[in-house]
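Encoded as structure tokens, the structure appears first; notes follow it.
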Amino acid sequence: MIQFDPTDPFPLLRDSDAADYKSAQKHSAEVDAWLGLQTEETEQRIKSISSTPDIKDEQLWVGLPLRSMLTPYTEIRTLLSQLDPQPGEWIVDLGAGYGRMGFVIGRHYGEVNFTGYEIVDERVLEANRCLRKFKYPRIQMKTADLSAPEFKPVDADIYFLYDFGTRAAIEKTLFDLRSIARRRSIRVVGRGRASRDAIEREHPWLSQVHPPKHYDHYSIYQSNP
């Protein structure tokens, strides 16, 4: 087990430890436990109600292993280091799960604002339960259905877009972001095959303005100023 420095809940793995994704996921599970996030227990409660007819499992990611659903903390740290958000900027996580990114931003980027949107209320409640312990003034998690016609994300500087729900839901979100990009320059991190494919095929305003930066699990895009 990783030995944690009690003054820092987000220790980075050594390069040798982070050589594979399995190690990064194991590290993340231990950080979740350090934070007090009861992810496994919460997922079991969600699964117990997911047979309700009006719940769309493909949208909620119910029943999937946490390692498939949640981004490792080491990857979040690397991403944020590459993006280098500045004080006063706003980061939005579209499909935030348990708000792992919010915990990292609150700890290491204290003057950056963060909003995480997650469709499953139980996950949001659990994230906020733990966030309250740290009293991060600029970090917030909200329950929201990104695919709902009335939903519009807050104007921000950086957006994280995951392979949440259906392709139609991803497309709807990208059109929402295009509306924001008409008012301001934005950066979008596409994580997952569906999100990146949608951006590359259907959204030249994002994929063909500035050369994107591609990595194993995500790509970073930027719109026009």
- Task: Look through GLU89, GLU150 and report the one residue that is of a type outside the set (Lys, Arg), surrounded by fewer than 20 Cβ atoms within 10 Å (Cβ to Cβ), touching a residue at least 12 places away in the same chain (Cβ under 8 Å) and farther than 20 Å from ARG191 by Cα.
- Result: GLU89
- Of all residues in the range 115-138, which are in contact with a strand residue (DSSP E or B) (Cβ under 6 Å, 6 or more places away or on another chain), part of a helix (DSSP H, G or I) and over 11 Å from GLY99 (Cα atoms)? ASP121
- Note on the structure: Picking from ASP176, ASP145, ASP157, ASP163, the residue that is surrounded by 13 or more Cβ atoms within 10 Å (Cβ to Cβ) and touching a Gly at 6+ places or on another chain (Cβ under 7 Å) would be ASP163
- Task: Specify the residue that is farthest from ASP216 (Cα to Cα); the eligible residues are those in the range 168-187 that are out of contact with any His (no Cβ under 9 Å at 6 or more places or on another chain) and among the aliphatic types (A, V, I, L, M).
- Result: ILE180
- Note on the structure: Residue hits (the range 126-155; within 20 Å of ILE170 (Cα to Cα) and of a type in the set (Lys, Arg)) are LYS142, LYS152
- Task: Just give me the residues in the range 85-99 being over 17 Å from PRO153 (Cβ atoms) and either touching a helix residue (DSSP H, G or I) at 6+ places or on another chain (Cβ under 6 Å) or at pLDDT below 95 (or both), in sequence order.
- Result: TYR98
- Item | Selection status of SER179, small (Gly, Ala, Ser), more than 13 Å from ASP93 (Cβ to Cβ) and part of a loop (DSSP other than H, G, I, E, B) | no
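The rows are residues; the columns are (1) modelled with pLDDT under 95; (2) surrounded by fewer than 16 Cβ atoms within 10 Å (Cβ to Cβ).
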position	(1), (2)
ILE119	yes, no
ARG129	no, yes
LYS135	yes, yes
ALA181	no, no
ALA198	no, no
ILE220	no, no
- Query: How many residues are among the basic types (Lys, Arg) and either touching a residue at least 12 places away in the same chain (Cβ under 8 Å) or under 16 Å from SER179 (Cβ atoms) (or both) if we restrict to the range 201-217?
  - Reply: 1
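The values are calculated or read from the model by the stated rules, or taken from the named source; none is laboratory data. On a predicted model such as this, the values are computed, not experimentally measured, just so you know. All Cβ positions, glycine included, derive from the backbone under ideal geometry; neighbour counts span all protein chains shown.
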